[in-house]
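Notes follow once the structure below has been shown.
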Amino acid sequence: MSKSQPEKSLLYKVREILEKVKPERSSGLAEITSHLSKDLGLDSLDIVEFVLLLEWNFKISISDHEAENLSTVAQAIELVQMKRRED
């Protein structure tokens, strides 16, 4: 099944954000199924920075509970999509 166009553009943007957080890990190669810590090597501080950049780039607010449950690129994209629909 192919990804929808909005999902693809979100994946590219999330990749750009991951590249800012962890440039040495080639985060631009992150796949939608990539795990933030296991596959991309993000530690807890990197994930906090990632969440803050998601909020800033997409003009959304992510609760602490939502941030704690974020573990994959797919979950990040789904969360951004959900938050954008709420606005």
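The values are calculated or read from the model by the stated rules, or taken from the named source; none is laboratory data. All of these numbers come straight from a predicted model, not from anything done at the bench. All Cβ positions, glycine included, derive from the backbone under ideal geometry; neighbour counts span all protein chains shown.
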The stretch 27-48: number of residues that are surrounded by fewer than 16 Cβ atoms within 10 Å (Cβ to Cβ), touching a residue at least 12 places away in the same chain (Cβ under 8 Å) and more than 18 Å from Leu10 (Cβ to Cβ): 3
Inter-residue pairs, beta-carbon under 6 Å, first surrounded by fewer than 19 Cβ atoms within 10 Å (Cβ to Cβ) and in the stretch 72-83, second not in a helix (DSSP H, G or I), 6+ apart: Ala74/Ile32; Lys83/Ile60
Filter result (of a type outside the set (A, V, I, L, M, F, W, C) and in contact (Cβ under 8 Å) with a residue 24 or more places away in the chain) within the stretch 60-71: Ser71
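Here is a list: Ala67, Ala30. Which entry is modelled with pLDDT under 95 and under 11 Å from the mean Cα position of the chain (by Cα)? Give the derivation first.
Details: Ala67 fails: modelled with pLDDT under 95.
Answer to the check: Ala30.
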